[in-house]
1. Take the conditions among the hydrophobic types (A, V, I, L, M, F, W, C), surrounded by 24 or more Cβ atoms within 10 Å (Cβ to Cβ), more than 16 Å from Phe43 (Cα to Cα) and touching a Phe, Trp or Tyr at 6+ places or on another chain (Cβ under 7 Å) and apply them to Leu248. Does it pass?
2. Within region 134-189, considering only helices (runs of 4 or more DSSP H) that don't extend past its boundaries, which have at least 2 residues that are at pLDDT 80 or above and open to solvent by 40 Å² or more (accessible area, probe 1.4 Å)?
3. Please state which one of Arg81, Arg89 is basic (Lys, Arg) and without any contact (Cβ under 8 Å) to a residue 12 or more places away in the chain.
4. For region 486-536, name all the residues that are at pLDDT 90 or above and outside any helix (DSSP H, G or I).
5. Give region 441-465 a look and list any residue that's modelled with pLDDT under 85 and either of a type in the set (Asp, Glu) or under 32 Å from the mean Cα position of the chain (by Cα) (or both), or say none.
6. Looking only at helices (runs of 4 or more DSSP H) that lie completely in region 312-423, which have at least 1 residues being acidic (Asp, Glu), at pLDDT 90 or above and over 20 Å from the mean Cα position of the chain (by Cα)?
7. Quick one: in region 517-540, of everything that is in contact with a helix residue (DSSP H, G or I) (Cβ under 7 Å, 6 or more places away or on another chain) and surrounded by fewer than 23 Cβ atoms within 10 Å (Cβ to Cβ), which residue is nearest to Trp386 (Cα to Cα)?
8. Restricting to region 92-133, and then to whatever is part of a strand (DSSP E or B) and of a type outside the set (Asp, Glu), can you tell me which residue is most open to solvent (accessible area, probe 1.4 Å)?
Amino acid sequence: MSSLLDPLVTGLINGNAYALIALGLSLIFGVADLVNFAHGSVFAFGAMLGWYLTAVQRWPLALALCGVIGATALLGMVIERVAVRPLARAPRIAPLLSTVAVALILDRASQLIFTPDTQLFPNLLPRMAWEFGQIRVSVTDLAMFGVTLASLLVLWWFLARTRLGRALRATAQDRDAALQMGVNASALEALAFAISSALAGIGGVLVGMYYRNVDPSMGFAAGIEGFAAATLGGLGNLPGAVVGGLLLGVLESYGVTWFGGSTRGMIAFGVLLLVLWLRPAGLFGAPGVAFSEPMTGTFFGRGRPLALRRWQLAAIAALAFVVLPLIADTYVLRVATIIAIFAILGVSLTLVAGTAGIMSIGQAGFFALGAYASAILVKDHGWPFWGALPVAGVLSAACAVVLISPVLKLRGHYAAIVTLGLGAIITAAILNLPAITQGPLGITAIPPPSLFGHDIVSPRDYYWLSMALLVVVIALVHRLQRSHLGRTWRAVREDEVAAQASGVALGSYKSLAFALGAFVAGIAGSLLAHQYMYVNPEIFGVDVSVLALTMVVLGGMSNIAGTILGAIVLVGAPELFRPLHDVRILAYGLFLLLLIRYRPQGLWLYR
């Protein structure tokens, strides 16, 4: 009996933190109609600030908790003012991507401020515990329950009993009606961000108290768990967020008890995808809400195009294929090879997001699939590289079709969350299949490609190989964009309703675009694996997906040449500033934020 009850108690305790995160996400979604992808990063910042105030500054717990609440509330207001309010009239995907950029900035800034190391959260409470039958409850458990309950009661009182709270609820229920009644929606959005960020900060401190270990990178997993909890209860439904958080905590606790701690992430991702598949509106959401908001036709604004003539393109090609390999040293050629590989990854997203309008934030998952498939086939099964390369792409495409098919009807924020979850669940699966993938150790000594009996090991040879495959991919995607299929994808991108009314099968066309994009990403992954001769799951984090997305936004979404320019700028340029390697991800986030704000059509406008 004890073995069954202990995970229940642990799950309910964890569920407290998930409920606080989910409450904040639901509050922002209800008021601002936005999924805040920076919410997990605020949670991590709150945890690290709580550690700093208690362990370094020696503040008492109550004072430190107040300090975290104030700092994270202020941080939430800054996020709303800088990343959301300027994009109020932009397509809905713009503020969503803006919060993705803010998440990158916050995560890297936290690492620079607090160091990236895992820190020990001090134990500031008495080490006492009581047993009630088969259940053991400690002071820390009671403190977590008490702080969470107090936060929920204060939030309930504010929303139900105060004028500002009633205005906030009215805005969440019907924004247009609230505006007609004279409600200042912008001020209320800032208030919603402040409250939700404060709740995330409280959750970070509670998790730090319970697990004792905190680090700046814990925000991504917490954000996914918050999305899963909020979606389970019904995104935008506050009571549902609390129930969803507690349920997710219990499910995770029993899963970890039965299958091991490494499965925690997979459980959260699995719950997220299963709920979006079976009941996208959640347990308490209104049916149909997940299908009402297309998010297509974005990032195609006015601007002066930066175009090249044909002779200029020919000169650049000659420079890349002939001149550069002859004059560049080994280091430059290796960097140029990585640029070419990431350009292939970016072109895959150009097809998915730019041409078909499917905003994917999980392309790194299919990148990883291609890398691991090629590495395993060549090293463990003796396949030639030229046989493993297309199989890596096909396997990535097949997995994309299987994973995306249950949720093809989803739109807007839900679709973006799904792609993020897909990428994360693929890397989590790789981590949890050590018999095949070697788990966290990765695969080493991956054999190099060979051509006509000649191993392609020199930087010059591998550069030519990567460039040749880049040209093939460019030709394929360009041909698809100019075909009848490409025109149909653009019709879906611009107006799903009109395309469907014209007889376009949205699900089939979206699935095909996603599969082709995954195929190209798998090809890029195969090249990367044999270039590095080593792969592990950490190489394919969410920052890789955001990097690919930033390249595409920089280039103008469906502009292939612009995407290659983005790869050169975002992958190649940082190599020139090796001493600033630690701030590279911070630069990506700032760059993406500025692009979305000031030139969403990209520097190289497609026409």
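1. Details: among the hydrophobic types (A, V, I, L, M, F, W, C): yes; surrounded by 24 or more Cβ atoms within 10 Å (Cβ to Cβ): yes; more than 16 Å from Phe43 (Cα to Cα): yes; touching a Phe, Trp or Tyr at 6+ places or on another chain (Cβ under 7 Å): yes.
The answer is yes for Leu248.
2. Details: elements: 139-161, 163-173, 175-180.
Qualifying helices (runs of 4 or more DSSP H): 139-161, 163-173.
3. On the way: Arg81 fails: without any contact (Cβ under 8 Å) to a residue 12 or more places away in the chain.
The unique qualifying residue is Arg89.
4. Within region 486-536, Met533, Tyr534, Val535, Asn536 meet the criteria.
5. Of the residues in region 441-465, the ones modelled with pLDDT under 85 are 451-455.
Passing the criteria: only Asp455.
6. Details: elements: 324-327, 330-349, 363-381, 385-404.
Filter on region 312-423 gives 363-381.
7. Restricting attention to region 517-540, the residues satisfying the condition of being in contact with a helix residue (DSSP H, G or I) (Cβ under 7 Å, 6 or more places away or on another chain) are 517-531, 535-537, 540.
Still in the list and also surrounded by fewer than 23 Cβ atoms within 10 Å (Cβ to Cβ): 536-537.
On the way: Asn536: 22, Pro537: 24 Å.
This residue is Asn536.
8. Our first condition is that a residue be part of a strand (DSSP E or B); within region 92-133, this holds for 119-120, 129-132.
With the extra rule that they be of a type outside the set (Asp, Glu), the set shrinks to 119-120, 129-130, 132.
On the way: Gln119: 37, Leu120: 107, Ala129: 41, Trp130: 100, Phe132: 131 Å².
Residue satisfying both the conditions and the ranking: Phe132.
The values are calculated or read from the model by the stated rules, or taken from the named source; none is laboratory data. Predicted model, so just to flag it, every value in this text is computed and none were measured. Note that each Cβ is placed from the backbone with ideal geometry, even for glycine, and that neighbours are counted across all protein chains shown. These accessible areas exclude ligands, DNA and RNA; they are computed on the full protein's heavy atoms, side chains included. Shrake-Rupley method; radii C 1.70, N 1.55, O 1.52, S 1.80 Å.
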